[in-house]
Amino acid sequence: MGHEDRFDDLIASLGGFHRSWLVYLGIELGLFARVRDAGEAGITPAELASATGTSPEAVSAWSWATDAHDLTRFDDGRLTIDHDTAQILLDEGRSDFLGGQFVHAVVASMDWGGMVEFFRDGTPIGERPDRYRVAIERLTRQDIAVFFEEVLAALPQLAAELSRGGRAVDVHCGGGRWLVAMARRFPQLQLVGVEFEPDSVARARATIEAEGLTDRIEIRAARATDPGHSAEYDLAYFQYALHQLTDAPRVLAAAWAALRPGGRILVLDWPLPSAADEFRTRHGEIIAGVQLDELYQGTALATREQFLAWFADAGLPEPSAIDLPSGASVFLAERPA
């Protein structure tokens, strides 16, 4: 790449910082949703500010900026948004939903004031504010869509068995959104969420109550190493969770012990690339940035090889490993019937 091309490339990256914040504001303040609701007729910045309870001056600047970044069109004083952009940024039930990625990236960066010191002494921050876990919950909406669109398509036998009922646990369940989605999709299924973060437990219980599902979903405040009783579950599920737990083999062994004969452990995660050429992609760029944030908080993404090693260290059978179209991977181990 020549000097001028490299300059243009780096300028685009600099603009990406502002673009991420424009997307974050558009999602969090409901600006994109209102623009989409206005349809082809569009909406003026003044009308948008009034509808969202925001500053007219700030929304006017946001309107020009989102047009400059090709997120909206601002013509003749009216804002519109094209169907594809709105769908990717707003529709949480799709595996190509990226709104949660933007929210997480921006919220995570709010804690990066100590990143220079982390690089100097290697000491992670350890604790994140509650807003970070809320952002993670937004991020994992995409994971839920990946589960329904890609994992179940790859594992039709699992989908058939879940349709007949049984009992499943979501270990480190966060705000409980996967549990709600599963209860809606599989009405015969009983579900348990295990969570140790107090604010996440509170949000999960509030969500389950608001959805009217307290008769089918139980939220337990417990460590990941204590998922339930022996032979309690047909499915133990980890969604973007196993790599963040301090003793993954011990957690897997505990989940295995809680399975009934024929039960399954299923781990859905976004593995760290194992080779340099995997990093040299758009997906690799994002994963590399996420890994930096993970290390900063004292956790770390894991390679596919590391996930397989955790299963081996737990004394479990080697899992089936399936790479999914979205870039996520699923690891599946089944207890003998």
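Springs join every pair of Cα atoms under 10 Å in this Gaussian network model of the chain, and among 78, 138, 264 the largest mean-square fluctuation is at 78. Ranking 217, 245, 288 by Cα position along the charge dipole of segment 188-337, where only Lys, Arg, Asp and Glu carry charges on their C-beta atoms, puts 217 farthest toward the positive end.
For the chain, the fraction of 1.4 Å probe accessible surface lying on carbon and sulfur atoms is 53 percent.
Against the chain, whose longest principal axis comes from its Cα atoms, helix 282-296 is set at around 70 degrees.
Take every DSSP beta bridge whose two residues both sit in the chain; close to 40 percent of them are antiparallel. Remark: C-alpha extents of segment 92-155 on the principal axes read 46, 20, 17 Å, sorted largest to smallest. Near residue 28, once Lys and Arg are set to +1 and Asp and Glu to -1 for all other residues with Cβ below 12 Å from its Cβ, the sum equals +2. Springs join every pair of Cα atoms under 10 Å in this Gaussian network model of the chain, and among 58, 300, 105 the largest mean-square fluctuation is at 58.
Segment 59-132 and segment 299-337 have Cα centres lying 30 Å from one another. Starting from 0 in steps of 5 Å, tell me what percent of the Cα-Cα pairs of segment 1-138 lands in each bin. Calculated over all Cα pairs of segment 1-138, the distribution is 2, 9, 16, 18, 16, 15, 11, 7, 4, 1, 0 percent.
The angle between the Cα long axis of helix 56-68 and the main principal axis of the chain comes to about 80°, on a 0 to 90 degree scale. The coefficient of translational diffusion for segment 261-337, derived via Stokes-Einstein from the alpha carbon Kirkwood radius under 25 °C and 0.890 mPa s, stands at 181 µm²/s.
Each semi-axis of the equivalent ellipsoid for segment 171-304 is √(5λ) with λ an eigenvalue of the Cα gyration tensor; in descending order they amount to 28, 17, 15 Å.
Helix 248-257 axis versus longest C-alpha principal axis of the chain: approximately 50°, rounded to the nearest ten. Placing unit charges on the Cβ atoms of the charged side chains and taking the dipole of segment 1-144 about its Cα centre, the candidate lying farthest along the positive direction among 51, 124, 20 is 124.
Rolling a 1.4 angstrom probe over the protein heavy atoms with all chains in place gives the chain an accessible area of 48 Å² per residue. Computed about the Cα centre, the dipole magnitude for the chain is approximately 1060 debye when only Lys and Arg (+1) and Asp and Glu (-1) carry charge, each at its Cβ.
The values are calculated or read from the model by the stated rules, or taken from the named source; none is laboratory data. Values in this document were obtained by computation on a predicted structure and should not be read as measured data. Every residue, glycine as well, gets a Cβ built from its backbone with ideal geometry; the counts of neighbours run over all protein chains shown. Note: areas computed on protein heavy atoms with side chains; ligands, DNA, RNA excluded. Shrake-Rupley method; radii C 1.70, N 1.55, O 1.52, S 1.80 Å.
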